[in-house]
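See below for the structure under consideration.
No lab work stands behind these numbers, since they all come straight from the coordinates. Given the structure is predicted, the values throughout are model-derived calculations rather than measurements. Don't worry about glycine lacking a Cβ; one is built from the backbone with ideal geometry, like all the others, and counts go over all protein chains shown.
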Ligand SMILES: Nc1nc2c(ncn2[C@@H]2O[C@H](COP(=O)(O)OP(=O)(O)OP(=O)(O)O)[C@@H](O)[C@H]2O)c(=O)[nH]1
Ligand SMILES: [Mg+2]
C-alpha cells in the first residue's frame, strides 16, 4: 500500500466497503479510483482497482449462452432501467458518460461500443439506471441489443442533429417495429378499472410484441446550423414523442433531459409516515405511476393489504392529512400514513 495516499482515499475506501448493491459498488469504486494520485508509486494499486472495477462491471452485465449466439442481460438496478438506442456516433456513450459515473469508450470511429454498459444517473433522491448499447443496425449485436430493448423500462432514441435527425428517428422507429417493439405516441393513457380513472403505464404488451415509452434525444446541439434540423425533427415527431435537444459534449440542457428521463421511467416516489411521527423522507418507495394505496400497501407488505384500516395523505390530497380511499391514485412525492 503506497504511504502517500490522501485522506479522501480512505474515506472513499470506506464507502466502497459499505456499498451494498453491485451498482453502488461500481460507483464507489469509480470514486475511489479518482482519489488515487497518478504516479509510479501508485501504479500497482491503480491497476488492481481497475481490474476489480472491470470484474464488477462484468458481473453486473451477465453473459448468457443462448441458442442464437450470445445474449446479454443487464441486471436492473435503481428505480428504473432506461436503454440508449441510436445509430453509430450519435453520442450514446458520451451521454452515458455525462449523466452517470460510468466511463464508456467514446470515439470518432463508428461502432466503438461493443458490449452493454450500465451506469447510475442520480435524479434528486433516486437513481435511474441507463444502459449504453452498441449502435442499431450492426448485425453482430442487433440480436441481443433488441433483447435488452424489449426488457428495459423505457428508451432514449439518440439522434445526431448534424446528420438528418428526423430520418434517423424514422429509421430507428421502423427498425424497432420490425423487432416488435412499438413506441406508442405519448401519453399512452389506458383506461383503468379503478374508479374509472385513467392511469399511465410505462409498458404495455401488445399481441406478439411489447410497447415502450420513448423520448427523442437530439444530440450535438453545440454544432453550428443544427437549429433548423431540430425544428424539422420537432415538426415531424413532437406531437407524438417528447423531443429534447442537448449537447453531451458541452453538457447543455442536461437538467431538462434528466427530468424527462424520470418522467419516461413511469415511476413515482412515495414517502411513508408512521402514524403520529415525522415522515421518512430519506428513502422513497418507487412504484409505477398510476399505483393506488392498495398497490403501495401490497408492495410494502402483503399483510398490509388485509389489515389496512385507513390512509392519510400529504401532497396531492385536497388538504394535508386527508383520509383517502384504498383506490386513491398516488402522485409523485406524496407522503402516506397507513393505519392498520
Ligand atoms: N460536437 C459534438 N460531438 C459529440 C457530442 N456527443 C458526442 N460527440 C462526438 O461524437 C463521436 C461519437 O460519440 P460516441 O459517444 O462514441 O457515440 P456513440 O453513439 O456511443 O457511438 P457508437 O458506440 O459507435 O454507436 C465522438 O467523437 C464524440 O466526441 C456532442 O454533443 N457534440
Ligand atoms: Mg458508443
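From Cα pairs below 8 angstrom and at least 6 apart in sequence, can you work out the relative contact order of the range 69-264, rounded to a whole percent?
This gives 21 percent for the range 69-264.
Suppose the Debye formula is applied to equal point scatterers at every Cα of the range 69-264; what is log10 I(q)/I(0) at q = 0.09, 0.11, 0.15 Å⁻¹?
-0.31, -0.46, -0.88
Let me check I have the definition right: for the range 7-52, take the eigenvalues of the Cα gyration tensor, multiply each by 5, take square roots. What are those semi-axes in whole Å, largest first?
On the way: eigenvalues 72, 27, 9 Å².
Ellipsoid semi-axes (Å, largest first): 19, 12, 7.
Sort the following peptides by mean Cβ neighbour count (other Cβ atoms within 10 Å, averaged over residues), highest first: 151-157, 286-292.
Top to bottom by mean Cβ count within 10 Å: 151-157, 286-292.
Length gain on complete extension for the stretch residue 325 to residue 18, per 0.36 nm per residue less the alpha carbon to alpha carbon distance?
Difference between extended and current length: 106.5 nm.
With each label point set 7 Å from Cα along the Cα-Cβ vector, what nm distance links residue 318 and residue 38?
Distance between label points: 6.3 nm.
What does the convex hull of the Cα atoms of the range 268-339 come to per residue, in Å³, rounded to a whole number?
On the way: hull volume 5.6 nm³, N = 72.
In the range 268-339, the Cα hull volume divided by residue count equals 77 Å³.
In what order do 24, 177 fall by count of nearby beta-carbon atoms within 10 Å, going from fewest to most?
177, 24
So for each of 218-231, 28-41 I average, over its residues, the number of other beta carbons within 10 Å; can you give me the resulting order with the highest mean first?
So the peptides 218-231, 28-41, ranked by packing, come out 218-231, 28-41.
Strictly greater than 34 Å: what percent of every Cα pair in the chain meets that?
Values: 19726 of 57630 pairs.
It works out to 34 percent of all Cα pairs.
Under a plain spin-label model, where a point goes 7 Å from the Cα along Cα-to-Cβ, how far apart in nm are residue 277 and residue 139?
Modelled inter-label distance: 6.2 nm.
Where does each of 250-261, 116-127 land if you order them by average Cβ count within 10 Å, highest first?
116-127, 250-261
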